[in-house]
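J.: Sending over a structure as structure tokens; questions will come in a sec.
The values are calculated or read from the model by the stated rules, or taken from the named source; none is laboratory data. Here the structure is a predicted model, which is why all the values come from computation and not from measurement. A quick note on method: Cβ atoms are made from the backbone with ideal geometry, for glycine too, and the neighbour counts reach across all protein chains shown. For the accessible areas, the whole protein counts, side chains as well, though only heavy atoms, and no ligand, DNA or RNA atoms are used. Shrake-Rupley method; radii C 1.70, N 1.55, O 1.52, S 1.80 Å.
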Amino acid sequence: MCDKKLLSIQDIAEILGVRHLTVRRMVKRGALKVVRIPGLDRVLFDPKDIEELIESSKVVEGSIGEGPGK
């Protein structure tokens, strides 16, 4: 994915193809794990967590929209 050890909100937005505000909403909902380093006033992300999110979000072709309640 990338060689950085930790990623910024902007990095995640670029990887997921969304706006940074969408990433912030995902964090607020608990959809994304964050790394908070004491004394550093930034939200950072572990690339492994983003890879896991992407892998767990994959669906089989034809099953889009067929989740619970659909």
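J.: Determine the pairs where a residue that is charged (D, E, K, R), located within segment 47-70, has a partner that is at pLDDT 90 or above and open to solvent by 100 Å² or more (accessible area, probe 1.4 Å) with Cβ atoms under 9 Å apart, the partner being 6 or more residues away or on another chain.
T.: Close Cβ pairs (under 9 Å, with a partner that is at pLDDT 90 or above and open to solvent by 100 Å² or more (accessible area, probe 1.4 Å)) amount to D49/K33; E52/K33.
J.: Out of the residues in segment 1-15 that are free of Cβ contacts under 8 Å to residues at least 12 places away in the same chain and surrounded by 13 or more Cβ atoms within 10 Å (Cβ to Cβ), which is farthest from F45 (Cα to Cα)?
T.: Result: E14.
J.: Also, I was wondering about something else. V60 is checked against (1) β-branched (V, I, T); (2) modelled with pLDDT under 95; (3) surrounded by 10 or more Cβ atoms within 10 Å (Cβ to Cβ) and fails just one. What number does that condition carry?
T.: Failing condition for V60: (3).
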